[in-house]
1. Take 79, 55, 65 and sort them by solvent-accessible surface of the protein heavy atoms, 1.4 Å probe, largest at the top.
2. Of 65/85; 27/65; 55/79; 7/65, which sit over 24 Å apart, Cα to Cα?
3. Mind giving me the nanometre distance, one decimal, between the label points for residue 69 and residue 12, set 7 Å out from Cα along Cα→Cβ?
4. Put +1 on the Cβ of each Lys and Arg and -1 on the Cβ of each Asp and Glu in the stretch 12-96; which of 17, 60, 41 then has its Cα farthest toward the positive end of the dipole?
5. Quantify how much of the Cα-Cα distance distribution of the stretch 12-96 extends past 17 Å, in percent.
6. Can you give the direction-averaged projected area of the convex hull of the alpha-carbon atoms in the stretch 44-92, in nm²?
7. I'd like the accessible area for residue 86: 1.4 Å probe, protein heavy atoms, all chains in place, Å² to the nearest 10.
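The values are calculated or read from the model by the stated rules, or taken from the named source; none is laboratory data. Nothing here was measured: the structure is a model prediction, and the numbers come from that model. For neighbour counting, all protein chains shown are included, and Cβ atoms are generated from backbone atoms with ideal geometry for every residue, glycine included. Keep in mind that these areas ignore ligands, DNA and RNA; they rest on the heavy atoms of the full protein, side chains included. Shrake-Rupley method; radii C 1.70, N 1.55, O 1.52, S 1.80 Å.
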Amino acid sequence: AGKAFRKFLPLFDRVLVERCAAETVTKGGIMIPEKSQGKVLQATVVAVGSGARGKDGEIQPVSVKVGEKVLLPEYGGTKIVLEDKDYYLFRDGDILGKYVD
């Protein structure tokens, strides 16, 4: 992700994320077939835009930072392929939340 986001920077309140890998093995060691795996809703932020302009004309900064883990909606986002890796572009308001350590 280090090189990929240098070639693509989101604009305004957009956030570029990389989805986390799906679980392929249960805690008990049973392999999960690809068709049975659920959609991964957790992602890592790799790039953010500068923010959107508010009604007063000032820029409202994006609420997440690069490197944070976020929760995504089940549907939505725009798929982008950079250097053979899949990334997704979401608006800041579409992100449901972020994970805190």
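1. Working: 79 115, 55 215, 65 140 Å².
From most exposed to least exposed: 55, 65, 79.
2. Working: 65/85 21 Å; 27/65 31 Å; 55/79 29 Å; 7/65 18 Å.
Check vs 24 Å cut-off fails for 27/65; 55/79.
3. With each label placed 7 Å out from Cα toward Cβ, I get 3.1 nm.
4. The residue sitting farthest along the positive end of the dipole is 41.
5. Working: 1930 of 3570 pairs.
Counting pairs separated by more than 17 Å, the tail of P(r) holds 54 percent.
6. Values: hull surface 16.8 nm².
With the hull built on Cα positions only, its mean projection is 4.2 nm².
7. Surface open to solvent at residue 86 totals about 70 Å².
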